[in-house]
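**Student:** Below is a structure I'd like to ask you about.
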Amino acid sequence: MRVPDSIRRYVSLVILLCAVFAIDWFTYELNIGPLYLLIVVYARWQLGLRAGLATAVISPALWALADYGTGHRFSQNWILFANAGVRVFTYCLIVAAVSVYKRTLEAHRRRLAMRERLLSVCPGCGAIGVNEGGWLKA
């Protein structure tokens, strides 16, 4: 029995989140925010906008849990929440940027496919086929 790709991607997302959380927990003095950011980008690219936004909220919550759970204390309690809020905002902006990039990339691919249907291009030399049965060197 073959597991669908979407399930595999969700499972890999959960595994990645757990792994980064464990790294964050055991190396609490190191800033591994970029690893959470990579997971947010992966979720948006592979699983869609909803998964990207959900991961953009879950990742800072996991970061705050690891920070608080390992005994790191700020001079004021609200600072932990403010830092998590900044991360949520930043990660959501990244999800939006990846969405725009992916939409632009798909538009370019559609345009390229349309142009390839209009023109005959030799895959070997790149020459363009003309109506009279000849080829023009590109």
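**Student:** Does residue 90 satisfy being modelled with pLDDT of 95 or more, of a type in the set (Ser, Thr, Tyr) and farther than 23 Å from residue 32 by Cβ? Walk me through it before giving the result.
**Tutor:** Details: modelled with pLDDT of 95 or more: yes; of a type in the set (Ser, Thr, Tyr): yes; farther than 23 Å from residue 32 by Cβ: no.
For residue 90, the condition - modelled with pLDDT of 95 or more, of a type in the set (Ser, Thr, Tyr) and farther than 23 Å from residue 32 by Cβ - is not met.
**Student:** Restricting attention to segment 75-89, does a residue exist that is touching a Leu at 6+ places or on another chain (Cβ under 9 Å) and either exposed (fewer than 13 other Cβ atoms within 10 Å of the Cβ) or among the β-branched types (Val, Ile, Thr) (or both)?
**Tutor:** No: zero hits.
**Student:** Also, I was wondering about something else. Hey, could you check segment 20-34 for residues that are under 15 Å from residue 65 (Cβ atoms) and of a type in the set (A, V, I, L, M) and say which is modelled with the lowest pLDDT?
**Tutor:** Here the answer is 32.
The rows are residues; the columns are (1) open to solvent by less than 40 Å² (accessible area, probe 1.4 Å); (2) of a type in the set (Lys, Arg); (3) free of Cβ contacts under 8 Å to residues at least 12 places away in the same chain; (4) assigned to a helix (DSSP H, G or I).
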| residue | (1), (2), (3), (4) |
| --- | --- |
| 38 | no, no, yes, yes |
| 68 | no, no, no, yes |
| 97 | no, no, yes, yes |
| 124 | no, no, yes, no |
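**Student:** Could you please let me know if residue 62 is over 14 Å from residue 90 (Cβ atoms) and open to solvent by less than 70 Å² (accessible area, probe 1.4 Å)? Give the derivation first.
**Tutor:** Numbers: over 14 Å from residue 90 (Cβ atoms): yes; open to solvent by less than 70 Å² (accessible area, probe 1.4 Å): yes.
So residue 62 fits the description; yes.
**Student:** Can I ask one more? Just for segment 40-57: of the residues that are crowded, with 20+ Cβ neighbours inside 10 Å and among the hydrophobic types (A, V, I, L, M, F, W, C), which one is farthest from residue 14 (Cα to Cα)? Outline the logic, then answer.
**Tutor:** Filtering segment 40-57 down to residues crowded, with 20+ Cβ neighbours inside 10 Å leaves 40, 43-44, 51-52, 55-56.
Keeping just the survivors that are among the hydrophobic types (A, V, I, L, M, F, W, C) gives 40, 43, 51, 56.
Numbers: 40: 11, 43: 10, 51: 11, 56: 13 Å.
By that ranking, first place goes to 56.
**Student:** With the requirement that a residue be open to solvent by 80 Å² or more (accessible area, probe 1.4 Å), within 16 Å of residue 55 (Cα to Cα) and either hydroxyl-bearing (Ser, Thr, Tyr) or not in a helix (DSSP H, G or I) (or both), what does segment 1-27 give you?
**Tutor:** Residue satisfying the conditions is 10 alone.
**Student:** Can you name the number of the only condition in (1) without any contact (Cβ under 8 Å) to a residue 24 or more places away in the chain; (2) in a helix (DSSP H, G or I); (3) over 19 Å from residue 19 (Cβ atoms); (4) touching a helix residue (DSSP H, G or I) at 6+ places or on another chain (Cβ under 7 Å) that residue 74 fails?
**Tutor:** Condition not satisfied by residue 74: (2).
The values are calculated or read from the model by the stated rules, or taken from the named source; none is laboratory data. Computed from a predicted model, the values in this text were never measured in an experiment. All Cβ positions, glycine included, derive from the backbone under ideal geometry; neighbour counts span all protein chains shown. Quick note on the areas: whole protein, heavy atoms, side chains included, nothing else; ligands and nucleic acids left out. Shrake-Rupley method; radii C 1.70, N 1.55, O 1.52, S 1.80 Å.
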